[in-house]
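S.K.: Take a look at this one; I'll ask things after.
The values are calculated or read from the model by the stated rules, or taken from the named source; none is laboratory data. Just so we're clear, the structure is a prediction, and the values are computed from it rather than from any experiment. Because the Cβ atoms are built from the backbone with ideal geometry, glycine has one as well, and the counts that use them run over all protein chains shown. Side chains included, ligands, DNA and RNA excluded: accessible areas come from the protein's heavy atoms. Shrake-Rupley method; radii C 1.70, N 1.55, O 1.52, S 1.80 Å.
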Amino acid sequence: MSKIPKNLSDKDMFKDYKEEKKEKSLFDIAREFDKNNTAAGKKNNNNIKDSYIDAKLAVDLEKELLKLKLDLYKEGIVDYQIKVKREDNKIILVPMVKKHK
């Protein structure tokens, strides 16, 4: 093993160094990631605008679902999923407890 020369300038230290070329830099990957996430966010907003659920209804629904989640938690039910049923002109959301196998 050779000795490391002392008191070299930065230019002298890197005179034989050659940078490896990569296909994508971290900055390119981050830029693509941001672009994809922004596009996905815009798609979701457009779907909400085009759906039957307006902003006020979405907020009210979120509040009621949160209350339901808290009530179920107080009863000790943590693992459940919500099923959607329709009876005549009513849409009913029913929490169904998942069974462990």
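S.K.: Filter segment 55-79 down to the residues that are touching a residue at least 12 places away in the same chain (Cβ under 8 Å) and part of a helix (DSSP H, G or I), then identify the one that is least open to solvent (accessible area, probe 1.4 Å).
M.R.: Top of the filtered list is Leu72.
S.K.: Let me ask you something else. All but one of (1) modelled with pLDDT of 85 or more; (2) out of contact with any Pro (no Cβ under 9 Å at 6 or more places or on another chain) hold for Lys69, so report the exception by its number.
M.R.: Failing condition for Lys69: (2).
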